[in-house]
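Step one of this worksheet: look at the structure below.
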Amino acid sequence: MQVILGTKIGMTQIIGEDGVVTPVTILQAGPCTVTQIKTTDTDGYNAVQVGYGQGKNLSKSVAGHVKKAGDNLNPKVLKEFRVDEIPEGMKLGDTLSVESFKPGDKVAVTGTSKGKGFAGTVKRHNFIESRNTHGFKGNIRRVGSIGSMYPQKVWKGKKMPGRMGHDQGTVKNLFYNPCFYD
């Protein structure tokens, strides 16, 4: 099973021997601990629950749940991964690390973008400002008309002001390249 949880440390670049500059992301990946194994017999599907990081104040129910996997386990993140079949020999408390990946493997990375709070249409959707002359009275960054005749409603997906960022995104087909920085 090739999954791992991690934290983004930062960005840097690597200059190749041919002079090509490649941007890279530095991650602190693992170690992750197996906290639960679900099977079709007990839960109706196969999955492996993994814990990562060092949390602070766990609720008593979560603390009791992860105590089955080992003492002094205090994960910050619990994530479940569905699998077709449970890997042979996997048990509670096993540790997953980056050794399961080989250089050149293609990986898919899922993360959450930065939350930017409430934003207007100029910042959120790259709308242009209105002109600032001839009676606009300072309403240059407002949305303007959103269509009011027919069908007398706001269409779903209409580009309007609202919360920007804090969205989950996945980038696929990245190459795993183990570079260790201390």
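The values are calculated or read from the model by the stated rules, or taken from the named source; none is laboratory data. In this text the structure is predicted, and so the values were computed from the model without any measurement. Don't worry about glycine lacking a Cβ; one is built from the backbone with ideal geometry, like all the others, and counts go over all protein chains shown. These accessible areas exclude ligands, DNA and RNA; they are computed on the full protein's heavy atoms, side chains included. Shrake-Rupley method; radii C 1.70, N 1.55, O 1.52, S 1.80 Å.
List of remarks:
- Boolean, residue 21 is over 23 Å from residue 112 (Cβ atoms), exposed (fewer than 10 other Cβ atoms within 10 Å of the Cβ) and aliphatic (A, V, I, L, M): yes
Yes/no matrix, rows are residues, columns are (1) of a type outside the set (S, T, N, Q); (2) open to solvent by 40 Å² or more (accessible area, probe 1.4 Å); (3) at pLDDT below 90:
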| site | (1), (2), (3) |
| --- | --- |
| 55 | yes, no, yes |
| 58 | yes, yes, yes |
| 65 | yes, yes, yes |
| 73 | yes, yes, yes |
| 80 | yes, yes, no |
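- Single residue of region 142-182 satisfying the filter (without any contact (Cβ under 8 Å) to a residue 24 or more places away in the chain and basic (Lys, Arg)) that is most open to solvent (accessible area, probe 1.4 Å): 156
- If you go through region 3-18 and keep only what is over 14 Å from residue 79 (Cβ atoms) and open to solvent by 50 Å² or more (accessible area, probe 1.4 Å), you end up with 8, 9, 11, 12, 13, 14, 15, 17, 18.
- Residue count for region 94-126, restricted to those that are assigned to a strand (DSSP E or B) and either hydrophobic (A, V, I, L, M, F, W, C) or out of contact with any helix residue (DSSP H, G or I) (no Cβ under 9 Å at 6 or more places or on another chain) (or both): 13
- Unmet requirement for residue 98, which otherwise passes all of (1) aliphatic (A, V, I, L, M); (2) open to solvent by less than 70 Å² (accessible area, probe 1.4 Å); (3) more than 29 Å from residue 175 (Cβ to Cβ): (3)
- Complete set of residues in region 116-136 that are under 30 Å from residue 79 (Cβ atoms) and open to solvent by 60 Å² or more (accessible area, probe 1.4 Å): 116, 118, 124
- Subset of region 127-182 (residues that are hydrophobic (A, V, I, L, M, F, W, C), part of a loop (DSSP other than H, G, I, E, B) and closer than 30 Å to residue 29 by Cα): 179, 180
- Boolean, residue 139 is free of Cβ contacts under 8 Å to residues at least 12 places away in the same chain, polar (S, T, N, Q), surrounded by 12 or more Cβ atoms within 10 Å (Cβ to Cβ) and more than 30 Å from residue 16 (Cα to Cα): yes
- Evaluating residue 42 against the criteria (1) surrounded by 13 or more Cβ atoms within 10 Å (Cβ to Cβ); (2) without any contact (Cβ under 8 Å) to a residue 60 or more places away in the chain leaves one unmet condition, (1).
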